[in-house]
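The numbers here are math on the coordinates, done by the rules we state, and not lab data. Keep in mind that what you see is a predicted model, and the values were worked out from it rather than measured. Ideal geometry is used to build each Cβ from the backbone, glycine not excepted, and the neighbour counts take in all protein chains shown.
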Amino acid sequence: GQQLNQSPQSMFIQEGEDVSMNCTSSSIFNTWLWYKQDPGEGPVLLIALYKAGELTSNGRLTAQFGITRKDSFLNISASIPSDVGIYFCAGRRPSNTGKLIFGQGTTLQVKP
Amino acid sequence: GAVVSQHPSRVICKSGTSVKIECRSLDFQATTMFWYRQFPKQSLMLMATSNEGSKATYEQGVEKDKFLINHASLTLSTLTVTSAHPEDSSFYICSALREVAGGPQYFGPGTRLLVL
């Protein structure tokens, strides 16, 4: 099925550094969601975005819904070891009832 | 919060047997639930959309007779893997939609299936 283009695929950073990842699509979305998945667990919702241009924070996490409605980014500030995991973006098209399209995921590793 | 549970968390079965996985929304009603499959180091692959009181909608390439879905109540959907084979071994995750169409999906913790 269709996937969003999520980048980077993986990141290895030092504790305390900021992280940025993004998702792009050729289609318009009316919802962007960011999830984090730990090994052997289901994805956990981090941030939900519903309006173009919307900028939302959740603690050290900040995400934005792109003005064109075709992209979104997630920033993590001052990373800590527990930020390790796989981050997925997911988007919902205006025509889809509830269904999400997922990015390929960004694997984040943090060196203490 | 919005809590979704899955049971069992992991199951090992013999080839040819059927396995049922339950997905429950614990603190909200979900008219729509989704079933995903995830292979190691890959993203989530949507298998089907489960609607309360009606037949599930399967994604292209997913065998409806092999992966039986029942959404009998507003808080429970079940996925039955019939006549399981080793290639069905995977991580199965369900999610529930808290509000019709507009809200985010909340995911269960997943079920690890190993077919010997």
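Work through the residues other than A:Leu4 whose Cβ is under 15 Å from its Cβ and net out their charges, Lys, Arg +1 and Asp, Glu -1.
Net local charge, A:Leu4 excluded: +4.
Within 10 Å of the Cβ of each residue in A:28-38, the mean number of Cβ atoms contributed by other protein chains is 2. Here the label points at B:Thr80 and A:Glu54, each 7 Å from Cα along the C-beta direction, are separated by 3.9 nm in the simple model.
Within region B:57-93, the GluC sites (Glu not before Pro) that combine a DSSP coil assignment with at most 12 other C-beta atoms in a 10 angstrom radius are B:Glu63. Does a label point 7 Å from the Cα of A:Gln109, set along Cα-to-beta-carbon, have any residues of region B:18-45 with amide nitrogen under 15 Å, and which are they? What the label zone holds, given the 15 Å backbone N cut-off, is B:41.
With a 10 Å cut-off around each Cβ of A:82-89, the average count of Cβ atoms from other chains is 1. Expressed as a fraction of 2.2 N^0.38 Å, the value expected for a compact globular protein of N residues, the C-alpha radius of gyration of chain A is 1.01. Reported value for the protein assembly as shown: 116 Å³ per residue, from the convex hull of its C-alpha atoms.
Between the alpha-carbon centres of region A:39-112 and region B:1-66 there is a gap of 22 Å. Protection proxy ranking, highest mean first, for peptides A:82-91, A:5-14: A:82-91, A:5-14, where packing is the per-residue count of other beta-carbon atoms within 10 Å, averaged. By the beta carbon rule, with partners counted only under 4.7 Å, chain B holds these lone Cys residues: B:Cys13.
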